[in-house]
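A quick write-up on the structure given underneath.
Read-outs throughout are calculated quantities, based only on the coordinates presented, and are distinct from any laboratory measurement. All values reported here derive from a predicted model rather than from experimental measurement. A quick note on method: Cβ atoms are made from the backbone with ideal geometry, for glycine too, and the neighbour counts reach across all protein chains shown.
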Ligand code: F6P
C-alpha cells in the first residue's frame, strides 16, 4: 500500500498541521502585516494571491521538501525531455513541444497548415463543393477534443470568426437543431478526434455527413469534411481528402490537445496571430515552471496548496469561480484536466494508495455562483476551498459592470476569510475558509495560454507527489465497452 508517510518529511508536515489548525486566518493576517506580500506572486500576465489559504510560512517549505523527496526535479526533467513517461500506454507526453518556438519541422509545418487554413476560413475564401463560401463550422468532438476549443472560442472569438457550433454530446437534439438552422452547402464539418473511433463522435459525424450527402451526394459531401486527428489513416479510410486532414501525434494526450490541430476551430475564431500569442503564453509558463525555484514557482505553489488542502486538512472538493462570462467553460475544462488526470487510486508501481487524490472540481462563473451554491461554501459543514479568477482590465467599456463584478469576487474571498460573529447563530459564519485569487491583467490570448499551462503543470506536480500517472485514463474504458455491448444486444 502506498502511503504519504513513506515520504521522509511527511511526519513533520503532520505535526506542523496541528499548529496551523488552531489559527484562524484573521489571526494570521493580524499577526503578519506582510502576509499578502509574502504570499502572492506575479508571473507574466497572471498574479496569484494565496494569502487566504490556511497555511503558515513554514507550510510550503515543508511541502516543497516532500516534493523534492519524491524526485520532482528528475521527473520534471523527464517531462521536458519528452521521455516515455506515460508508461501504462507506452508513450511520451510531449504536448509541451507543440507550443515551443523551437518546435521541430514536422510540428511547425502542421501548425502552419492549420493556421493558414484558419485564415482562409476567416477571409471566407474556403468554398463548399457547390461553390458557396463556407460560413459555418460544426465542430464534432468530445472530451479533450471539445473542451479546449470550446473554452478558447468562448473566450477569444472576434468579429471575423465564422459561425462555430459545437456538437459534443450524442444527444440528437442539438444536431437536429443545427441541421434545421444551417445551409449544408455553407457548412464544414470538423471531425475532432485523436483516435477517429470515439463512438459518440463518429455517430454524430455520420449523421451530419448524411445531412450534407442528401443535398449534394457523398463524393461532394466528403469535400465538406475536415479531420483533426492523430489517426490520419482512419480518417483517409473514412473518405477525408489528404489536404483536409490536420494531424497531430499519439504523444499528445486528449486533454492536452488544444495546442495541436484540435485547436483549428479556435484558430478560425481568433486568428493565426492571436493563436500564436496563446502558444507563446503557454510557452512562457513552461519556461517558468522549468526554471523557477519551487517556492517561487506558480504551478508548484498551486499544487502544494492543493495537496495541503486535500491530504492534510482533508478538504475533498474545490470550487472554481471565474468572474467572467467569457470563461464560462473554464470549470468544465479544468474538471477534465484534473479529474481525468488525477482520478486514480493505484500508483505508478501498481500499489493501491491510502491517500486522497483528485478532489471534486466544480464551478460556475461568479456572480451567478453566489446565487447558486456559495451558501454551502460560507456556512456548510464541508469546507470547500475556492479559486477565484478575476480580470483586471475588461475587453469592454462598461466600467460600472466590471467594478461590481470584481468587487463581488473580492468580497467572496474576504467573507470566506473573516466570517461574521453575531448573537444569532443562524446568521453567523465561522470564516477561516480558504481561497486563492488569480488576477489576469486582461483576457488576452497570452494570458489564457499561461493560465492553461499553469494548471497543466499544477496537475503534473500533484502527480509527482502522489506517484500517479497523470497521462492515462483507463477508468473511462469500462463504460465505453459496456455501452457498446448494450447497443449490440439491443440491435
Ligand atoms: O474520455 C476519454 C477520452 O479518451 C478523453 O481522454 C479524450 O479527450 C476523449 O475520450 C476523446 O477522444 P478522441 O479525441 O479520440 O475522440
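By DSSP, what percent of the beta bridges with both residues in the chain are antiparallel, rounded to the nearest 5?
Values: 12 of 45 bridges.
Once the DSSP bridges in the chain are tallied, antiparallel ones form about 25 percent.
Need the full-extension length gain, residue 169 to residue 325, defined as separation in residues times 0.36 nm minus the C-alpha distance. One decimal, nm.
Values: separation 156, 0.36 × 156 = 56.16 nm, distance 2.20 nm.
Using 0.36 nm per residue and subtracting the Cα-Cα distance, I get 54.0 nm.
Residue 177 to residue 442: FRET efficiency via 1/(1 + (r/R0)^6), r the Cβ-Cβ distance, R0 45 Å, to the nearest 0.05?
Working: r = 34 Å, r/R0 = 0.75.
So, using R0 = 45 Å, E works out to roughly 0.85.
Relative contact order for the chain: what percent, with Cα pairs under 8 Å and sequence separation of 6 or more?
Values: 846 pairs, mean separation 101.7, N = 491.
That works out to 21 percent.
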Using 16 Å as the cut-off for backbone N distance, which residues of the range 35-78 belong to the label zone defined by a point 7 Å from the Cα of residue 14 along Cα→Cβ? 63, 66
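Indicate the gyration tensor shape class of the chain (rounded, prolate or oblate), computed on the Cα atoms with a ≥ b ≥ c the square roots of the eigenvalues: a/c under 1.5 is rounded; otherwise a/b larger than b/c is prolate and the rest oblate.
On the way: a/c = 1.90, a/b = 1.60, b/c = 1.19.
Prolate is the answer for the chain, as a/c is 1.5 or above and a/b outweighs b/c.
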In nm, spacing of pseudo-spin labels at residue 396 and residue 57 (7 Å Cα→C-beta vector): 4.5
A correct fewest-to-most ranking of 283, 200, 456 by other Cβ atoms within 10 Å would be 200, 283, 456
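Once the Cβ-Cβ distance between residue 481 and residue 127 is put in as r, and R0 is 51 Å, what FRET efficiency do you end up with, to the nearest 0.05? Each step should come with its number before you reach the end.
Details: r = 42 Å, r/R0 = 0.82.
With R0 = 51 Å, the Cβ-Cβ based efficiency is 0.75.
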Could you state the number of Å between the C-alpha centres of the range 425-484 and the range 149-163? 23
Quick one: helix 199-216 against the long Cα principal axis of the chain, what's the angle to the nearest 10°, folded into 0 to 90? 30
Principal axes of the range 166-294: Cα extent on each, largest first, Å: 60, 30, 28
Among 139, 457, 288, which comes first, then next, by fewest other beta-carbon atoms within 10 Å? 288, 457, 139
Please work out the FRET efficiency for the pair residue 80 and residue 106, using the Cβ-Cβ distance as r and a Förster radius of 25 Å; give the result to the nearest 0.05. 0.85
Mean-position separation - Cα centroids, the range 16-57 and the range 199-232, in angstrom: 53
Output the 0 to 90 degree angle, nearest 10, between the alpha-carbon long axis of helix 272-291 and the longest principal axis computed from the alpha carbons of the chain. 40
State the Cα centre-to-centre distance between the range 388-410 and the range 258-315 in whole Å. 23
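Would you mind ranking 436, 74, 257 by Cβ crowding within 10 Å, fewest neighbours first?
On the way: 436 23, 74 10, 257 26.
Lowest to highest Cβ neighbour count: 74, 436, 257.
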